[in-house]
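The structure appears below as structure tokens.
The values are calculated or read from the model by the stated rules, or taken from the named source; none is laboratory data. Because the structure is a prediction, the values reported are computed rather than measured. Cβ: placed from backbone, ideal geometry, glycine included. Neighbour counts: every protein chain shown. Only protein heavy atoms, including side chains, enter the accessible area calculation; ligands, DNA and RNA are left aside. Shrake-Rupley method; radii C 1.70, N 1.55, O 1.52, S 1.80 Å.
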Amino acid sequence: MEKNRCSWSLKDQLYKDYHDNEWGVPNHDDTHLFEMLNLEGAQAGLSWYTVLTKRENYRAAFDQWDAAKIARYTEKKISSLLENPGIIRNQLKIRATVGNAKAFLAVQKEFGSFDKYIWQFVGGKPILHKFKSLSQVPAKTAESDAMSKDLLKRGFKFVGSTICYAYMQATGMVNDHVQGCWKYHK
């Protein structure tokens, strides 16, 4: 029997798996948090599905999201990424990822981990909403506004408040599974 899921996730099995296993699940792994921040930025102006279908290509292209390696990317490496059909070939987004790696490393150094830094925006625990339908889910919140402002101040790019809110949902900082979904508050 098919599980009840949030309506956005019904497109295909890739979406269902992402919904069931990752979206809204609290994550504290720095590498994963870095990956998702950059993938959410890559989504800007596109659909999440487009990014999700290219996720494995992104992992291969960006050294499994090793921030120390990405921070050292040369112009030659950036040029090769711009030729890679497996990722979104947007120069601003690719260069932002390199800059984000440098900013990410600085945050790790300052706070001991990116996890410790980023989860402070929700007080260290997930925000559990009680939405009945997707139409109630906001595009941004005061928390995503604060996160965006601080990330931008630290040199991160493609981290506007709407992107930050999607990031918070993706990494489980916010649980926006709607009532009736089998993942609601799990």
Notebook entry, point to check: So which residues in the range 131-175 are in contact with a Gly (Cβ under 7 Å, 6 or more places away or on another chain), open to solvent by 10 Å² or more (accessible area, probe 1.4 Å) and not in a helix (DSSP H, G or I), if there are any at all?
Noted result: Gly155, Lys157, Phe158
Item checked: Condition check for Arg89: out of contact with any Leu (no Cβ under 9 Å at 6 or more places or on another chain), more than 30 Å from Trp182 (Cβ to Cβ) and not polar (S, T, N, Q) -> no
Checklist line | Only one of Leu105, Leu128 that is open to solvent by 30 Å² or more (accessible area, probe 1.4 Å) and touching a His at 6+ places or on another chain (Cβ under 7 Å) | finding: Leu128
Margin query: As an exercise: evaluate Trp119 against (1) in contact with a Phe, Trp or Tyr (Cβ under 8 Å, 6 or more places away or on another chain); (2) within 16 Å of Leu33 (Cα to Cα); (3) touching a residue at least 40 places away in the same chain (Cβ under 8 Å) and give the number of the one condition it does not meet.
Written below: (1)
Next item on the list: Could you please tell me which pairs satisfy a Cβ distance under 8 Å, a separation of 6+ or placement on different chains, a first residue in the range 50-77 that is touching a residue at least 12 places away in the same chain (Cβ under 8 Å) and in a helix (DSSP H, G or I), and a second residue that is of a type in the set (S, T, N, Q) and open to solvent by 60 Å² or more (accessible area, probe 1.4 Å)?
Entry: Gln64/Thr31; Trp65/Thr31; Ala67/Thr31
